[in-house]
Amino acid sequence: MTKALLFAVGLAFAATALAQQYKWVDQNGKVGYGDIPPPGAQATPLRPPVSAPAAPAPAAKKDGSTTALSPEAAFRKRQQEQQEKEAKAAKERADAETKRVDCEQAKASLRTLQSGQRISTTNADGERVFIDDEQLDPKEARRARAVNDSCK
């Protein structure tokens, strides 16, 4: 019984909270507030009524005119915009990761060239050939440029 009574009281308070509220100034200059303005008073609504549907957002056409979108169309448009935003963010993250990996590889290659160890390659016959200092200097300069380019 108590639960039913509490529910009824809560429902009554909720109904009054949903009512449209007005502000007015009476003949004596006193400001009044309420859900029903007195007759003949210049009342201004404080907020739109909750039961009134929201006006649909206008959609711009190519010729510059606008038309109102239905709630479903507005929802689909927001979903599409959200998907586009997520795709753009995913592409930016992938590009940043690729740039980071390229930078790490360029730095590792430059460290290898600058380490002073003997570096070898294979020639056209498949034989291992060691690189001398004259051949190493241009490669090191190219790797340094690659580090500067990929690690900005």
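The values are calculated or read from the model by the stated rules, or taken from the named source; none is laboratory data. All figures in this text were calculated on a predicted structure; none of them were measured in a lab. Ligands, DNA and RNA are excluded from the accessible area calculation, which covers all protein heavy atoms including side chains. Shrake-Rupley method; radii C 1.70, N 1.55, O 1.52, S 1.80 Å.
Ordering Phe7, Phe75 by accessible area with a probe of 1.4 Å, largest first, what comes out? List each step's numbers first, then the result.
Values: Phe7 140, Phe75 100 Å².
My answer, sorted largest first, is Phe7, Phe75.
Are any of the pairs Lys88/Lys139; Lys85/Lys107; Lys85/Lys152 more than 29 Å apart by Cα-Cα distance, and if so, which?
Beyond 29 Å: Lys88/Lys139; Lys85/Lys107.
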